[in-house]
Each structure stands twice: as structure tokens, then as C-alpha cells.
Amino acid sequence: VSVAKEMGANSRMFLKVTVPAKEVARLAKRSVKTIESEASIPGFRPGKPIPRQILTQYVNKKELSEQMVADILNTTMPKALREVSSNAIDGSDQLESSFDQLVEAFKEDKDFEYKIGVDLPPEVQWKSSYKGLTIKIDSSNTPENNEKMVEKAILLTRKKKATLDNASDREVQKGDIVMMSYMGIDKTTGEPLVELGGQRPKEFDTDDETIVPGFMDNIMGIKVEEIKEFDVTFPDNFMPAKLRGTTASFKAMVHRILAPTIPPEDDELAKELVPDAKDMKEARAFLLEAVQTEADMSDNDLIEDEIIQKIGDIVEFPIPDILIQENGQQMYGGVLMEMQQTGKIAPTAFNNLMTPELVSRYINDHREEIEHRVRTVLAFDDIKEKESLHVTPEQLEEEVKNMIENFEAMGMEYNAETVQEEAQEIVQAKKILDFLKSHATIVLN
């Protein structure tokens, strides 16, 4: 078997395979023997040679040629693919020639030619260096803001024990508890933001930015049964992350207003906030430390998100379609899993929604996002190789141990192989991100 290689678009390589006539004749003869062993023809015992003119009375010529062509392909394709097996993307090989045309042109005494297509990993091209990135994020991580968050947490805990008086005859004031319903839409697309809830009336504390920062400020001064329309832009640290930077148009209606009478601070409150605290001074100190830790983690998440975005932006290369399909399917599955976990779809609905048609629609609608993800993943792989940022057995073992301990502490079942794979991905990503952060300029606004 001879193989000629030819590069196509989007890292697609084509292999022109030629099977010499002698090999074609040998494989065709083997196909006939297979058919003879399975055929039931009067006067001939199974497995005994059958003259061709008699055999073709029971097996027509097209079926015979189809069997021969299939056998030749099944025998020679693996051999041809060995030419690129070390580089090819798994599952990307495909017969490019028309099977029907191969059957129609097939001759047992002639060379047999066909074409295979296979995707190769694209070569990452950097538009600029991944070292020296400038990362700017909006951070609220200051001593003043952290202290405000502590005081807010204390206030909200005190309000749980407050006595509530009906104040529906006046306008909403800061600190009120309100029964409210609302709905929000993406101002750009007009799509409803169902993940925010709000369609049914629910009790909210106006001191608590449960929905989105800035929302409660907009309902100050409205009366019961009055509808208020306003826009709010989601901050860069909002969860879910897909809403960050989105401007939403809201309609809100207050159905009842309650004015709280809040009890004073005492040692009992301190123990409710922090069980080991003796008094409010100790409780405040512990809460401040917790808020600082959370703020540091939030900043780190924002920095890493921005690095990931920038890395995907500064590389360019043609992306094989199989990587688009694989990543698109994974992302769509992730969306469905999130909807299932939050109760938006029933567990039984997952398989019904994971259809080829719906996956294809998702890929078409989110192709730019999928392509960015593929570019980022391959760029990270390139950085790993260039900078020798490989995971050591000791690092992997430690992460696996931590993950298993967490699963067991929560009483959750786990698959050892899956844990190993996830641990590898987590440690590898952290090594690359830590490297990029160490070579970046971080600006906190």
C-alpha cells in the first residue's frame, strides 16, 4: 500500500491510498472465500469453493463488489493511517471517497485508489507574547469595603430577629423588608434572564443585594403596586459568569412594605455569627478575616478569567471542525447539567435535550465562544510544552488525595479514574496560570 499526503484547509490532511492490483486480487479472493463460507447454495457444502458463475447466481455482482471494497478498506485503512497516527486527532479520520463510486469503479485486477481525510493539531501562531500581559480588573478588595461587608453581614443577621410592622401606606425606604416580584431581560438581545427568578412574589431585604448590586437602589421611593422600570449592568465578579457585563432591563413591583425594629448587638449575636467568639469584637475580627480571604479569591478568579480571555485573543490558527464539534457538545452538555442542578429542567430531560439537532443549533449560535475556548486550550498546551510546565507525579498524587478526602467528607461517591483525570486538569491549569500571572503586570482598579 502506498500513501501520498496532501494538506488541505483547517489542518485537514488528505491521504491518497493506492492498493496495488496484486494486493487487490488477494483481498478480493479472501472476500469470496468469506462469502462462500456463509452462502447456502444447493449442491455445495458450506466453505467449499463455488465457481464464480454459480456464485453470482445467488450473490449479485454489486453485492460481491461491495463486500470486496469493504474488506479492502477495512484491511488497508489502518495501515495507511499509521503514517499519521502519532499526530492525528483521535476520531477525525474519515473516508473522503464515495463508497458507491468506489464500488462502481472497482476491478479485481486493477489498482484500487481512495482518499482518507484526517485532522492534525494546528500549529499555534502567537500574535504577541504570552509573557508580559497587562491584566486590569475592577476590584472592591479594600479595607474600607471589606469592613462595610462585615457590618452588612452583622446587620442582616440582626434583622432576622427584628419585629416587622406593616408600612405599606408609605414609600419604600432603605432597610425595609419588601414583598416583591420582578422580571429582567437582556437589554441587547431581549432574551429573558430566567436564571434570576423573580416572577413570583418573594420577600427581600433592601439592605441585601441578593439579585444584583444596584437593584435595590432603584426601588427606593416606590409605592405598593407601583411598577418601576430601570436598567442595571452586572459587575465583573457576578455569578453566573455569563452575565458579567450584561445590561439588564428590569420591571419590579412591590406588593407589601415592612419596617423592621432591629434588636441591639450582644454576646448572643456574636455567637450566632461566630460560634467560638466571646463577644462582638472577636466576631468582627473573624468575619473581617473571612471577608478578606473571599475578596482575595474573587480577585484571583477575575485575574485568571482575564488571562484566559487574553490568551485566546492573542493566538490564531485554523481550527479543525472536529474540535469545534467536540468542545461545542461538551459546552452544551455543561449548560444542561447546570440547568438540571438548579432545577430548571428535570433529570429525565437531559437525554431528550442532548440531540444532534439541538447540539448543532447550540454550536451554530455559540461558534465564536467555542472557537475561543479551543484556541485557549491549544494555546495552554503550547505554553506547557514551551515552558516545560508538566505535572509531576507528586503534585498529581496530592491533588487526587485532597479531592478524595473532600468527596468522603461530604459522603459523596466518586470514580477513581474520573478523579485522576480531573486532578490532572486542575493541577495542569494552575501551573500554567501561575506561570502567566508571575510574568504579567496586574492592575487592580
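The values are calculated or read from the model by the stated rules, or taken from the named source; none is laboratory data. Everything numeric here is computed off the predicted structure, so don't read it as measured data. In this analysis, Cβ positions are derived from the backbone assuming ideal geometry, glycine residues included, and neighbour counts consider all displayed protein chains. Heads up: the accessible areas ignore ligands, DNA and RNA and are worked out on the full protein's heavy atoms, side chains in. Shrake-Rupley method; radii C 1.70, N 1.55, O 1.52, S 1.80 Å.
Screening Asp276 with (1) open to solvent by 80 Å² or more (accessible area, probe 1.4 Å); (2) more than 30 Å from Ser168 (Cβ to Cβ); (3) modelled with pLDDT of 90 or more; (4) under 34 Å from the mean Cα position of the chain (by Cα) gives one miss only, at (4). Scanning the stretch 423-445 for residues that are over 20 Å from Glu385 (Cα atoms), open to solvent by 50 Å² or more (accessible area, probe 1.4 Å) and of a type outside the set (S, T, N, Q) yields a count of 2.
Select from the stretch 197-235 the residues that are of a type in the set (D, E, K, R) and surrounded by 17 or more Cβ atoms within 10 Å (Cβ to Cβ) and write down the one among them that is nearest to Lys159 (Cα to Cα). Among them, the one singled out is Asp205. All conditions in (1) more than 30 Å from Leu133 (Cα to Cα); (2) in contact with a helix residue (DSSP H, G or I) (Cβ under 9 Å, 6 or more places away or on another chain); (3) open to solvent by less than 60 Å² (accessible area, probe 1.4 Å); (4) touching a residue at least 40 places away in the same chain (Cβ under 8 Å) hold for Arg284, with the sole exception of (3). Counting only helices (runs of 4 or more DSSP H) wholly contained in the stretch 8-104, no element carries 3 or more residues that are loosely packed, with under 12 Cβ neighbours inside 10 Å and at pLDDT 90 or above. Would you confirm whether any residue within the stretch 342-360 is among the hydrophobic types (A, V, I, L, M, F, W, C) and either open to solvent by 60 Å² or more (accessible area, probe 1.4 Å) or closer than 11 Å to Ile324 by Cα (or both)? Checked against the condition, which is being among the hydrophobic types (A, V, I, L, M, F, W, C) and either open to solvent by 60 Å² or more (accessible area, probe 1.4 Å) or closer than 11 Å to Ile324 by Cα (or both), the stretch 342-360 yields no hits at all. Mind checking which residues of the stretch 162-196 are among the charged types (D, E, K, R), assigned to a loop (DSSP other than H, G, I, E, B) and surrounded by 13 or more Cβ atoms within 10 Å (Cβ to Cβ)? Once the filter is applied, which keeps residues that are among the charged types (D, E, K, R), assigned to a loop (DSSP other than H, G, I, E, B) and surrounded by 13 or more Cβ atoms within 10 Å (Cβ to Cβ), the stretch 162-196 yields Glu171, Asp176, Lys187. Considering only residues in the stretch 410-422 that are open to solvent by 90 Å² or more (accessible area, probe 1.4 Å) and part of a helix (DSSP H, G or I), the one that is nearest to Ile308 (Cα to Cα) turns out to be Glu421. Glu397 passes every criterion in (1) closer than 24 Å to Asp301 by Cβ; (2) without any contact (Cβ under 8 Å) to a residue 40 or more places away in the chain; (3) loosely packed, with under 15 Cβ neighbours inside 10 Å; (4) over 20 Å from the mean Cα position of the chain (by Cα) apart from (1). Taking first residues from the stretch 155-167 that are farther than 16 Å from Met179 by Cβ and of a type outside the set (A, V, I, L, M) and partners that are open to solvent by 60 Å² or more (accessible area, probe 1.4 Å) and in a strand (DSSP E or B), the Cβ contacts under 8 Å between residues at least 6 apart in sequence or on separate chains come to Thr163/Thr261.
Evaluate the stretch 131-142: report whether one residue or more is open to solvent by 70 Å² or more (accessible area, probe 1.4 Å) and either among the polar types (S, T, N, Q) or in contact with a Lys or Arg (Cβ under 8 Å, 6 or more places away or on another chain) (or both). Reasoning before the result, please.
Residues of the stretch 131-142 that are open to solvent by 70 Å² or more (accessible area, probe 1.4 Å), as a first pass: 131, 136, 138.
Now narrow it down to the ones that are either among the polar types (S, T, N, Q) or in contact with a Lys or Arg (Cβ under 8 Å, 6 or more places away or on another chain) (or both): none.
No - not one qualifying residue is present in the stretch 131-142.
For the stretch 364-374, which residues satisfy the criterion of being closer than 18 Å to Tyr130 by Cβ and open to solvent by less than 50 Å² (accessible area, probe 1.4 Å)? Within the stretch 364-374, His372, Val374 qualify. Of the candidates Pro347, Pro356, the single residue that is modelled with pLDDT under 90 and not aliphatic (A, V, I, L, M) is Pro347.
If the condition is being in a helix (DSSP H, G or I) and open to solvent by less than 30 Å² (accessible area, probe 1.4 Å), then the stretch 383-394 contributes only Ile383. When residues in the stretch 328-356 are screened for being under 17 Å from Ala241 (Cα atoms) and part of a loop (DSSP other than H, G, I, E, B), 1 of them pass. For the structure I just gave you, tell me whether Glu96 is on the phi < 0 side of the Ramachandran plot, in contact (Cβ under 8 Å) with a residue 12 or more places away in the chain and more than 32 Å from the chain's Cα centre (by Cα). Considered against the rule, which asks whether it is on the phi < 0 side of the Ramachandran plot, in contact (Cβ under 8 Å) with a residue 12 or more places away in the chain and more than 32 Å from the chain's Cα centre (by Cα), Glu96 comes out as no.
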